[in-house]
Amino acid sequence: MGVNTEYTPENELCPHFDDINEELMKRLSSEVAAVRSSKKEPFEDLFEFTHRRMEVYEYGTGEIRNEDDLYAEFDEQELGNFTLVIRGPTGTGKSELCWALSHRLEANGRPVLHIDKNADLMSIMAEEIPDFYETHTGEQIEGATELDRLRTDIHEEKETVAEYAVSKAIIDLRNSDATINVNDREQIKEFVEQKLADLISRGEYDTDVDFVSESEVKNFAYLDIFVDQSAADAATMLTDALWDAIRSEYESPSLDTLLEEVGQAFTDTRPVIVFEDWSVTSLDAIRLRNYMERDNDNDRWDFIVAGTPDSFDELEFQTQTNEDRFEFYETTKEGEDQVLFLDESSAVDFIRPYLGYVKSIDGSVNYERDAENRVTDIIDPGERSRCDFCGFCDPEFRDLFPFNSTFVKRVFTGLPDDDKQPRKYVQTIFDILSDYYNATDDILPPSSSNELKDLTNDIDLADSVYINTELGDLAEWYGTIRGDEIHVDRRFAVSFGIDQTVDYEDYGVIAEEEKIRFPKRGTTLIDGSDDADIDSSGDEDDTSEGDDTEDEGETQSPEEKLIEDLRSGVQNWQAEPEEWDEHDVYLRKGLRDALERLTGGFRLWDDAPIEYRVGSGNPFVIGDELGDPTQIVIDQHDFVRSDLLELLEFGVMRSEDPSNADYDAFLSQTGTQLTEYAQEWRATATQHELEQSGRIFTNGVDLSHRELALSGYALCVLLDDPWAGLSADRIAAAFTDDEDLTLDDDLATALRDQLDKNDYQRVRRLFDHAEELAALFEDEFALTGNAVNRLRLKQYLDYVSPFEVIEGLAKSRINRVSGKVKFVSSGKNLTDVLEALYYLEKALDDVSALDAMTVRAERIDSELCGANMAYIENIVNDIQSSYGDILSGSQESLAKFANESQEAVDEVCTAAKLYLDRRDSSRDVDRWIALLSGLKLLESQTAERFEAAREFEVSTNGDGGLGSEFMEVSDEFV
Amino acid sequence: MSSSESDPKPESAFGENLRDARAELRRGDLRHRLDEQAEMLREFVLLTELYEALTDESVVLDDDVQRQIDDMRSYIEDRDFGSIESSLDDLEDALDEEIEDVQEDISEHRISVNKTIEAMDKLNERVENVNPDQISDLREQYAELTDLEFVEGETLSEERSSVRDKVDELQSKFDAVQEDVFGQFYGTDLEGIVRDLLDDEAFRIDELSTNQFERLKNSPLSDCLELLLS
């Protein structure tokens, strides 16, 4: 590859990655060693460049063997089959070793068949082995055509193959010594069809694919066709019968037969077959194992078999009895995860060739290596190579850029202990690299890659640094420890664009010409105090890392100690909250309690009378957790590290020493962000519970809880005294009055007469919630100091009809409001209050008695209105005192009425007029006021007494004849 | 009772109805009481008629009462309910007194008559000239003399006439029974002596003439007469 000399440090940093070959990147980072092992040009040297010779444990002795030792096991003069087994956990280099050995054997003239880990059995038998045979012998293997036909038929005619196999197997079994009893042939056929599908499915090797297993015979009665056979024997006999049926049709060999035939074709060498990822490879696995194990000097195969310990369980290689033809090695000690060839001390050198390969292509990077192909030093860049032109990098990180050795080492040490394996390590480094180069907008410093969030990092910087997340990340991953300081080569800050945008002083950081100095936690920097040069080897601080915590053990409280211990993990929690349980608990606790405080105890809005009972849960979910609709989703990545640390501290204190948790201090630091969450939660919960698509109202009713608050309270006020009407003044007066609102006594009596028991109780029940309705009203219409915002009240009353509002309530929707929405003061459910309103309207809908109301109101209006009770009392007293005797008690109703106060009578008259004026109004609210006023009028004592009093009658004679008899008699004396 | 002038002005139909009812009650009360007093007047007139029939003596109405009656008549004619109302009690008292006076006069006269009837009864017990029931009947009728009956449809004048007729009839009846009881003594000089004897008065024999003595001796009373030495 030629060198583009236009690249200079001035215009582009590290030109190697500017025109990077995507295919190369994929290969470098591939999980599968086979990809990197490909000899395809132009990267045919990739495997060799990056391969670091491995060491493994010999099974049984535990002794360490290197690749040469293993290679030496393959003796070309050996008689009979030989198998080298490599066992180890996933990602510990088994495939790498397989490839290393097979490359070497191949290089020495051995025919090598490398079975791809994803190959299916049919492909192996019908394609890979026949191809191998043809490649090395120039001939076609017998039966290969039939195998190909079988593979095609299974692909395309599964049902037919299954039908045939089952029918033939049953006939064969009937003709054998076995006694069988087939009840459901169709089900057996479907069962076999599925098995055939499994047979040709890639990636099914991890599954025990067999035609019929013992457990399947036990579980599926239709498979238990044998009389007098155990389940295990039945499974074997049926499997054999099915497989034999297929083979007989296709005249195809079994895998062992095939290998035997192929192996014997090589007379002057021993062919090698590599099973890179041995699993229980379905139908022929046991036959294959038996073939590998059998003691036959004519067999010629060398097997390299790799797999996880579990994958060998089923096949149970006879490790004890076949020692001479089987050699077992393990990449890790049994039960451990640590490989021999990669640890903290070798992590940097291990990764160098992977990163350096890209730069090796133009001669920029090459290494000195030892006998194990390990990197021992970097060679100066080749003449006219890019690195030769550029000169930006130090030799220490020239091959590693955009990383440095500290960075890659921290990645390795930051991996979970059970994941410190080659594959994971390489994969993580290349994922970070991929993030860096695939960033679409601004440069994403590798130190801020999301891939790092899963890793631990013990660097603990002063809080001021974490305010700028990128700066904190840079120091944590690139910085070397120097006493109380962390130093980062300034070139990284320059290349990632940080240097150009950050004012270091704002974060307590000092940028010198070559390095940037960061304070550790609990320290501040003194300008010019540090004169140490950066030792960018990354090795100098090994001993100091971990000792950098402040010496405050004697004075630290348990909570402080806990906070200290947890601080370093907050970034990891940020990456994988579910993996960091302890952090998770405290951070969620902090978040929850902060939100509780900021929402005034999860009130739905400021000073709201209703709250959402979060209970023991949280009002939020983190990341991609599933939550209920009232939970907000908090992206943990939204927190800058410094805030996260504050949150952690707060959460720990709230959990361990609640009374000493300083809300004010915490919220003054992180309040803005949390306030946004609090507002978001309120909006979410309110929207879901109260507003979503009208939530509690029927479709088409566009009202808010403000109208509802007014209506609910207004109805209480109206029912408390219907004669007072429903003006803004009346509502305001009721609100400022200390008296509790209750159902008017007379109205109650009238309603009891008018309504059935249930409906009457429903009306009464509204007042069980009067306090809550007042609270809702207060929230929307009250000013401070118990005063009412009359202007707003009047505006709303102009268009809000309380009865129309509650008529719009939808029962089904009310029921969907969560029972967690409760009134703060009483703990009552909002749904109960809404239901009371809903039923009120339904109950009052049944009121009749309009005629009686009209008659009474008209009488009062026409006969009583204008009455002067003093006058009436005088007359009644006159009548009583003067004519009581002659009236014989018939005047008592008059006396009772005369006892009514002027105020009471005036009130009755006003009520009657109210009824008459509004009963035919076009406004719904007026008609309701009329109705309720009329009802009360029916039961009003004053009105009743008036009715009785007006029944008092005196027969009218006028004054005719008065004294006539006297005149007549007294004529005698004239 | 408050006067209507002190009542506040009524403003409601109900108040007006009450006011009317009260006025009606008041009128009814006055009517009733005036009727009562008319009845008293009538009683007085009839008692006066009775007394005059019994005694042939005149009864003169007290001037003050006369004036009160005149006033009341004026009030009635003027429909002056207030004055009527305020005068009724006094008039009633006055009439009560007048009636009481005339009843006392009648009572005195009746006591006198009763003495005669008692004497007649005693004599008759000896002479058995009449059926004793006739005497009892007389006694009873005199006792009931002042039980004035109101006869529907009769004018006061007719009632007065009835009273006089009744008295006349009773007195005629009285005279007849008396004559029958006294028989041979009736209208003679012995009548007085017999009455005295019936009154348990003793006579000295020298107070009687021989004729008178002989006639007594030969009269039905002879068996009842005895001489005593005093």
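Residues in the range A:390-404 that are closer than 14 Å to residue A:348 by Cβ and within 43 Å of the chain's Cα centre (by Cα): A:396, A:397, A:398, A:399, A:400, A:401, A:403, A:404. Highlighted here are the helices (runs of 4 or more DSSP H) found entirely within the range A:375-445 that include at least 3 residues which are touching a Ser or Thr at 6+ places or on another chain (Cβ under 8 Å) and under 14 Å from residue A:365 (Cβ atoms): A:386-390, A:395-398.
State whether the residues of the range A:571-587 include one that is in a loop (DSSP other than H, G, I, E, B), more than 23 Å from the chain's Cα centre (by Cα) and under 20 Å from residue A:450 (Cβ atoms). No, because not a single residue in the range A:571-587 is in a loop (DSSP other than H, G, I, E, B), more than 23 Å from the chain's Cα centre (by Cα) and under 20 Å from residue A:450 (Cβ atoms).
Listed by position, the helices (runs of 4 or more DSSP H) inside the range A:250-340 whose residues that are buried (at least 16 other Cβ atoms within 10 Å of the Cβ) and modelled with pLDDT of 85 or more number at least 2 are A:255-263. Scanning the range A:127-180 for residues that are within 53 Å of the chain's Cα centre (by Cα), of a type in the set (Val, Ile, Thr) and not in a helix (DSSP H, G or I) yields no hits at all.
Among the residues of the range A:180-190, are any within 30 Å of residue A:342 (Cα to Cα), surrounded by 20 or more Cβ atoms within 10 Å (Cβ to Cβ) and of a type in the set (Val, Ile, Thr)? Checked against the condition, which is being within 30 Å of residue A:342 (Cα to Cα), surrounded by 20 or more Cβ atoms within 10 Å (Cβ to Cβ) and of a type in the set (Val, Ile, Thr), the range A:180-190 yields no hits at all.
Within the range A:444-473, the set of residues being surrounded by 20 or more Cβ atoms within 10 Å (Cβ to Cβ) and among the aliphatic types (A, V, I, L, M) comprises A:452, A:455, A:459, A:461, A:462, A:465, A:471. In the range B:98-105 there is no residue matching the filter, namely being closer than 30 Å to residue B:219 by Cα and away from chain A (no Cβ under 14 Å). Counting only residues that are under 36 Å from the mean Cα position of the chain (by Cα) and either surrounded by 19 or more Cβ atoms within 10 Å (Cβ to Cβ) or free of Cβ contacts under 8 Å to residues at least 24 places away in the same chain (or both), the range A:509-525 holds 4 of them. Restricting attention to the range A:101-112 and to residues that are at pLDDT 90 or above and hydrophobic (A, V, I, L, M, F, W, C), the residue that is surrounded by the most Cβ atoms within 10 Å (Cβ to Cβ) turns out to be A:101. Taking the range A:797-806 as the range and being touching a residue at least 12 places away in the same chain (Cβ under 8 Å) and either of a type in the set (A, V, I, L, M, F, W, C) or surrounded by fewer than 19 Cβ atoms within 10 Å (Cβ to Cβ) (or both) as the test, the residues that pass are A:797, A:800, A:803, A:804, A:805, A:806. Taking the listed residues A:887, A:864, the one that is within 10 Å of chain B (Cβ to nearest Cβ), farther than 30 Å from residue A:710 by Cα, buried (at least 21 other Cβ atoms within 10 Å of the Cβ) and not β-branched (Val, Ile, Thr) is A:864, with no other qualifying.
Residues that are of a type outside the set (A, V, I, L, M, F, W, C) and more than 14 Å from chain B (Cβ to nearest Cβ) number at least 3 in the following helices (runs of 4 or more DSSP H) confined to the range A:894-974: A:902-918, A:924-939. Reported count of residues in the range B:63-80, each being surrounded by 18 or more Cβ atoms within 10 Å (Cβ to Cβ) and either more than 8 Å from every other protein chain (Cβ to nearest Cβ) or free of Cβ contacts under 8 Å to residues at least 24 places away in the same chain (or both), is 3.
A quick yes/no check of all residues on (1) among the β-branched types (Val, Ile, Thr); (2) in contact with a Cys (Cβ under 8 Å, 6 or more places away or on another chain); (3) modelled with pLDDT of 85 or more:
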| residue | (1), (2), (3) |
| --- | --- |
| A:501 | yes, no, yes |
| A:507 | no, no, yes |
| A:515 | no, no, yes |
| A:534 | yes, no, no |
| A:539 | no, no, no |
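Checked against (1) modelled with pLDDT of 85 or more; (2) surrounded by fewer than 18 Cβ atoms within 10 Å (Cβ to Cβ); (3) more than 30 Å from residue B:68 (Cβ to Cβ), residue B:116 meets all criteria but (1). Scanning the range A:901-948 for residues that are touching a Phe, Trp or Tyr at 6+ places or on another chain (Cβ under 8 Å) and over 16 Å from residue A:856 (Cα atoms) yields A:924, A:925, A:928. Kindly indicate whether residue B:34 is surrounded by 16 or more Cβ atoms within 10 Å (Cβ to Cβ), of a type outside the set (S, T, N, Q), at the interface with chain A (Cβ under 10 Å from one of its Cβ atoms) and outside any helix (DSSP H, G or I). When the stated conditions are applied, residue B:34 does not pass them. In the range A:350-364, the residues that are at positive phi form Cβ pairs under 6 Å with partners that are surrounded by 20 or more Cβ atoms within 10 Å (Cβ to Cβ), at six or more places apart or across chains, as follows: A:363/A:385.
Tell me, please, whether a residue that is surrounded by 21 or more Cβ atoms within 10 Å (Cβ to Cβ) and among the acidic types (Asp, Glu) can be found in the range A:393-409. Looking for residues that are surrounded by 21 or more Cβ atoms within 10 Å (Cβ to Cβ) and among the acidic types (Asp, Glu), one finds at least one in the range A:393-409, hence yes.
Could you please let me know if residue A:953 is among the charged types (D, E, K, R), modelled with pLDDT under 95 and within 30 Å of residue B:153 (Cα to Cα)? No. Taken over the range A:152-171, the residue count meeting the criterion of being of a type outside the set (A, V, I, L, M) and surrounded by fewer than 17 Cβ atoms within 10 Å (Cβ to Cβ) is 8.
The values are calculated or read from the model by the stated rules, or taken from the named source; none is laboratory data. Remember, it's a predicted structure, so these values are computed and weren't measured experimentally. Counting neighbours? That spans all protein chains shown, and the Cβs are built from the backbone with ideal geometry, glycine included.
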